[in-house]
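Step one of this worksheet: look at the structure below.
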Amino acid sequence: MTRPLFRAPRTITTQRLSLLPPSPEQLPELIRLKGDERVFGWMLHGVRSAQRVREELEDDTDFWQVRGYGTWSVFLRESGEFLGIAGLMERPDGRGVALRYALWPECRGQGYAREAARAALDFGHAAGVARIIGIARAENTASRAVLTDIGMREAEHYTYQGHPMVLHESLR
């Protein structure tokens, strides 16, 4: 794997969003988001306890220092409202570096997930990650549409814990 070009967490701004590196100030919002079944019920390992969210925040901070990429908290630029998370992570199943995003259900249909996911994907490729994957349950058509709309292509189908999954990929 190519070494990342960027070492410190970086803030990204898009037309409507600010993607900020993880910080302790975001912990209350992250606990709410990751504890919500509507949001994290779809994610690998599901809903998180408050203690697990604290541990993940520490892991996310450390991951940035080691890899030069990671997860951001996503905010509306205009109001500063917390919308969710987007970023890159190493899959624990060894499938590779994965794009992940999870925004409040109230954000659906406004293009925020696409905008945040595109920014994270572009950052990852610019940081030297040649292959980035995105995985969604086959039935999660909204998430799969985001992956397709940002240019990722279907590359694999498999089953995880009884759920049909679709792996998309983007090659630099």
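Every number in this text was worked out from the coordinates using simple rules, so none of it is lab data. As the structure is a prediction and not an experimental result, all values here were calculated from the model. Note that we place each Cβ from the backbone using ideal geometry, even for glycine, and neighbour counts take in every protein chain shown.
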Can you sort Phe63, Phe123 by how many other beta carbons sit within 10 Å, fewest first? Phe63, Phe123
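Any idea what the dipole of the chain comes to, in debye rounded to 20, about its Cα centre with Lys/Arg Cβ at +1 and Asp/Glu Cβ at -1?
Numbers: 23 positive and 22 negative charges, 77 e Å.
Charge dipole, the chain, about its Cα centre: 360 debye, nearest 20.
At a threshold of 8 angstrom on Cα-Cα distance, excluding pairs fewer than six apart, so keeping six or more, what relative contact order does the range 102-172 reach in percent?
Details: 86 pairs, mean separation 22.5, N = 71.
Once divided by the residue count of the range 102-172, the mean separation gives 32 percent.
Quick check: residue separation of Ala145 and Glu58 times 0.36 nm, minus the Cα distance between them. What number comes out in nm?
On the way: separation 87, 0.36 × 87 = 31.32 nm, distance 3.09 nm.
Using 0.36 nm per residue and subtracting the Cα-Cα distance, I get 28.2 nm.
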Would you mind checking which residues have amide H under 5 Å from Met165's amide H? H placed 1.01 Å from N; only 5 or more apart, or other chain. Ala138, Tyr158, Thr159, Tyr160
Give me, ordered by chain and number, the residues 5 or more places off Ala130 or on other chains with an amide H under 5 Å from its own placed amide H. Thr2
I need the phi-derived Karplus couplings for the range 92-102: 6.51 cos²θ - 1.76 cosθ + 1.60, θ = phi - 60°, integer Hz, Gly and Pro marked x. x, 8, x, 6, x, 7, 10, 6, 9, 7, 8
Could you please state, rounded to a whole Å, how far the C-alpha centre of the range 13-86 is from the C-alpha centre of the range 146-172? 22 Å
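What's the extension gain from Met43 to Asp93 if we count 0.36 nm per residue and subtract their Cα-Cα distance? Could the numbers behind the result be given before it?
Values: separation 50, 0.36 × 50 = 18.00 nm, distance 1.38 nm.
The Met43-Asp93 span can extend by a further 16.6 nm.
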With a cut-off of 8 Å between alpha carbons and a minimum separation of six or more residues, what is the relative contact order of the chain in percent? 20 percent
Within a 10 angstrom radius of the beta carbon, how do Leu33, Leu57, Leu171 rank from fewest other beta carbons to most? Leu171, Leu57, Leu33
Check Gly96: other-chain or 5+ apart residues with amide H under 5 Å from its amide H, H built from backbone geometry? Arg91
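Let me have the 222 nm mean residue ellipticity of the chain computed from DSSP H runs of 4+ only, each contributing -39500 (n - 2.57), with the sum over all residues rounded to the nearest 500. It would help to have the intermediate numbers written out before the result.
Details: 5 runs with 54 residues, N = 172.
Using -39500 (n - 2.57) per qualifying helix, the result is -9500 deg cm²/dmol.
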Give me the one-decimal Kirkwood hydrodynamic radius in Å for the range 12-130, with the sum taken over alpha-carbon pairs. 14.4 Å
Per-residue Cβ neighbour rank within 10 angstrom, fewest leading, Trp104, Trp72: Trp104, Trp72
Glu81 paired with Gln15, simple spin-label distance in nm, labels 7 Å along Cα-to-beta-carbon: 1.8 nm
